[in-house]
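The values are calculated or read from the model by the stated rules, or taken from the named source; none is laboratory data. All values derive from a computational prediction rather than experimental measurement. Positions of Cβ are generated from backbone atoms using ideal geometry, with glycine treated the same way; all protein chains shown enter the neighbour counts. Areas reflect the complete protein model, heavy atoms only, side chains present, ligands, DNA and RNA absent. Shrake-Rupley method; radii C 1.70, N 1.55, O 1.52, S 1.80 Å.
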Amino acid sequence: MFDNLFNNVKNFTVDSSEEAYMNVMFAIAAGDGDLHKDEIAAIIHNAQNKSFLKGKDLSNYFTTFLTKLKIAGSFEVIVSTSIEALDPKHYQTVFVDTVDLVFSDGVVGDSEKKMIGEIATLMKLEESFASKVIEIISIKYR
(Lines give C-alpha, C1' and ligand atoms only; values in the text may rest on other atoms or scores of the structure.)
Protein backbone atom coordinates (compact mmCIF):
# COMPACT_ATOMS: atom_id res chain seq x y z
CA MET A 1 0.00 0.00 0.00
CA PHE A 2 2.68 2.53 1.01
CA ASP A 3 4.82 1.62 -2.01
CA ASN A 4 1.86 2.46 -4.23
CA LEU A 5 1.34 5.83 -2.53
CA PHE A 6 5.01 6.76 -2.77
CA ASN A 7 5.15 5.68 -6.43
CA ASN A 8 2.22 7.99 -7.14
CA VAL A 9 4.02 10.85 -5.41
CA LYS A 10 7.11 10.22 -7.55
CA ASN A 11 5.07 10.07 -10.77
CA PHE A 12 3.02 13.17 -10.02
CA THR A 13 4.46 16.55 -10.90
CA VAL A 14 3.13 20.08 -11.00
CA ASP A 15 4.27 22.05 -14.02
CA SER A 16 3.67 25.64 -12.89
CA SER A 17 2.56 27.84 -10.01
CA GLU A 18 -0.70 28.44 -11.90
CA GLU A 19 -1.35 24.72 -11.99
CA ALA A 20 -0.40 24.43 -8.33
CA TYR A 21 -2.92 27.10 -7.31
CA MET A 22 -5.69 25.60 -9.43
CA ASN A 23 -4.95 22.07 -8.17
CA VAL A 24 -5.30 23.16 -4.55
CA MET A 25 -8.56 24.99 -5.22
CA PHE A 26 -10.12 22.13 -7.23
CA ALA A 27 -9.00 19.53 -4.67
CA ILE A 28 -10.52 21.53 -1.83
CA ALA A 29 -13.75 22.10 -3.73
CA ALA A 30 -14.04 18.42 -4.64
CA GLY A 31 -13.04 17.28 -1.17
CA ASP A 32 -16.64 17.15 -0.01
CA GLY A 33 -17.39 14.67 -2.81
CA ASP A 34 -19.22 17.15 -4.99
CA LEU A 35 -17.95 19.60 -7.60
CA HIS A 36 -20.38 21.43 -9.90
CA LYS A 37 -19.74 23.41 -13.08
CA ASP A 38 -20.65 26.65 -11.31
CA GLU A 39 -18.00 25.94 -8.64
CA ILE A 40 -15.39 25.30 -11.33
CA ALA A 41 -16.33 28.56 -13.06
CA ALA A 42 -16.17 30.46 -9.76
CA ILE A 43 -12.73 29.05 -8.97
CA ILE A 44 -11.43 30.09 -12.39
CA HIS A 45 -13.02 33.54 -12.10
CA ASN A 46 -11.55 34.09 -8.63
CA ALA A 47 -8.13 32.91 -9.78
CA GLN A 48 -8.11 35.34 -12.68
CA ASN A 49 -8.39 38.19 -10.18
CA LYS A 50 -5.17 37.19 -8.38
CA SER A 51 -2.24 39.46 -9.25
CA PHE A 52 0.09 36.48 -9.73
CA LEU A 53 -2.37 34.80 -12.13
CA LYS A 54 -3.59 37.83 -14.11
CA GLY A 55 -3.37 37.35 -17.85
CA LYS A 56 -2.93 33.57 -17.58
CA ASP A 57 -5.20 31.21 -19.48
CA LEU A 58 -6.71 29.09 -16.70
CA SER A 59 -9.56 27.55 -18.68
CA ASN A 60 -7.97 24.12 -19.18
CA TYR A 61 -6.73 23.55 -15.66
CA PHE A 62 -9.76 21.56 -14.55
CA THR A 63 -9.08 18.98 -17.27
CA THR A 64 -5.42 18.99 -16.22
CA PHE A 65 -6.51 18.51 -12.60
CA LEU A 66 -8.63 15.46 -13.48
CA THR A 67 -5.77 13.92 -15.46
CA LYS A 68 -3.32 14.55 -12.64
CA LEU A 69 -5.78 13.17 -10.05
CA LYS A 70 -5.65 9.82 -11.86
CA ILE A 71 -1.85 9.89 -11.64
CA ALA A 72 -1.68 11.14 -8.05
CA GLY A 73 -4.38 8.82 -6.77
CA SER A 74 -5.60 11.16 -4.04
CA PHE A 75 -6.43 14.76 -3.23
CA GLU A 76 -3.80 14.68 -0.48
CA VAL A 77 -0.99 13.93 -2.94
CA ILE A 78 -2.21 16.66 -5.28
CA VAL A 79 -2.45 19.22 -2.48
CA SER A 80 0.91 18.45 -0.88
CA THR A 81 2.78 18.34 -4.20
CA SER A 82 1.05 21.50 -5.40
CA ILE A 83 1.91 23.40 -2.23
CA GLU A 84 5.56 22.45 -2.74
CA ALA A 85 5.33 24.00 -6.24
CA LEU A 86 3.85 27.29 -4.99
CA ASP A 87 5.98 30.32 -4.32
CA PRO A 88 5.91 30.66 -0.50
CA LYS A 89 5.11 34.38 -0.85
CA HIS A 90 1.65 33.25 -2.06
CA TYR A 91 0.94 30.86 0.81
CA GLN A 92 -1.18 33.28 2.82
CA THR A 93 -3.27 34.23 -0.24
CA VAL A 94 -3.80 30.59 -1.17
CA PHE A 95 -4.73 29.72 2.41
CA VAL A 96 -7.29 32.55 2.60
CA ASP A 97 -8.78 31.44 -0.74
CA THR A 98 -8.88 27.84 0.46
CA VAL A 99 -10.72 28.70 3.66
CA ASP A 100 -13.09 30.99 1.77
CA LEU A 101 -13.87 28.19 -0.69
CA VAL A 102 -14.53 25.68 2.09
CA PHE A 103 -16.93 28.02 3.89
CA SER A 104 -18.67 29.23 0.72
CA ASP A 105 -21.16 26.34 0.51
CA GLY A 106 -22.34 26.93 4.07
CA VAL A 107 -21.27 23.53 5.41
CA VAL A 108 -17.80 22.73 6.72
CA GLY A 109 -17.37 19.00 7.13
CA ASP A 110 -14.81 17.20 9.26
CA SER A 111 -12.75 16.23 6.21
CA GLU A 112 -12.67 19.86 5.09
CA LYS A 113 -11.57 21.01 8.54
CA LYS A 114 -8.82 18.40 8.48
CA MET A 115 -7.69 19.49 5.00
CA ILE A 116 -7.54 23.16 6.08
CA GLY A 117 -5.35 22.17 9.03
CA GLU A 118 -3.09 20.06 6.85
CA ILE A 119 -2.70 22.91 4.34
CA ALA A 120 -1.77 25.34 7.12
CA THR A 121 0.80 22.82 8.38
CA LEU A 122 2.26 22.16 4.92
CA MET A 123 2.59 25.90 4.38
CA LYS A 124 4.11 26.30 7.85
CA LEU A 125 1.69 29.13 8.60
CA GLU A 126 1.59 30.52 12.10
CA GLU A 127 -1.33 29.13 14.05
CA SER A 128 -2.45 32.64 15.02
CA PHE A 129 -2.69 33.63 11.33
CA ALA A 130 -4.59 30.46 10.36
CA SER A 131 -7.00 30.84 13.29
CA LYS A 132 -7.66 34.49 12.49
CA VAL A 133 -8.38 33.67 8.82
CA ILE A 134 -10.80 30.91 9.81
CA GLU A 135 -12.53 33.23 12.30
CA ILE A 136 -12.93 36.07 9.79
CA ILE A 137 -14.11 33.82 6.94
CA SER A 138 -16.62 32.12 9.25
CA ILE A 139 -18.01 35.55 10.12
CA LYS A 140 -18.25 36.38 6.41
CA TYR A 141 -20.54 33.39 5.84
CA ARG A 142 -22.80 33.71 8.89
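If you go through region 116-136 and keep only what is under 16 Å from the mean Cα position of the chain (by Cα) and in a helix (DSSP H, G or I), you end up with I116, G117, E118, I119, A120, T121, L122, A130, V133, I134.
Taking the condition of being open to solvent by less than 60 Å² (accessible area, probe 1.4 Å) and either at pLDDT 95 or above or under 14 Å from the mean Cα position of the chain (by Cα) (or both), how many residues in region 69-98 meet it? Spell out the reasoning first.
Looking only at region 69-98, we keep the residues that are open to solvent by less than 60 Å² (accessible area, probe 1.4 Å), and these are 69, 72-75, 77-83, 85-86, 90-91, 93-98.
Applying the additional criterion that residues be either at pLDDT 95 or above or under 14 Å from the mean Cα position of the chain (by Cα) (or both) yields 69, 74-75, 77-83, 85-86, 90-91, 93-98.
So the count comes out to 20.
Give the residue, chosen from A72, A120, that is free of Cβ contacts under 8 Å to residues at least 60 places away in the same chain and closer than 17 Å to G31 by Cβ.
Working: A72 fails: free of Cβ contacts under 8 Å to residues at least 60 places away in the same chain.
Every option except A120 fails the conditions.
Evaluate the following for V94: is it under 17 Å from Y141 (Cβ atoms) and among the aliphatic types (A, V, I, L, M)? No. For region 58-78, the condition holds for no residue, the condition being that it is more than 20 Å from M115 (Cα to Cα), touching a Ser or Thr at 6+ places or on another chain (Cβ under 8 Å) and among the aromatic types (F, W, Y). Scanning region 99-120 for residues that are surrounded by 13 or more Cβ atoms within 10 Å (Cβ to Cβ) and not small (G, A, S) gives V99, D100, L101, V102, F103, D105, V108, E112, M115, I116, E118, I119. Only residues that are of a type in the set (S, T, Y) and touching a Gly at 6+ places or on another chain (Cβ under 8 Å) were counted across region 62-118, and they come to 1.
Might you let me know whether region 17-32 holds any residue that is surrounded by fewer than 16 Cβ atoms within 10 Å (Cβ to Cβ) and modelled with pLDDT under 90?
Taking region 17-32 first, the residues surrounded by fewer than 16 Cβ atoms within 10 Å (Cβ to Cβ) are 32.
The next check asks that each one be modelled with pLDDT under 90; those that pass are 32.
Among the residues of region 17-32, at least one is surrounded by fewer than 16 Cβ atoms within 10 Å (Cβ to Cβ) and modelled with pLDDT under 90, which makes the answer yes.
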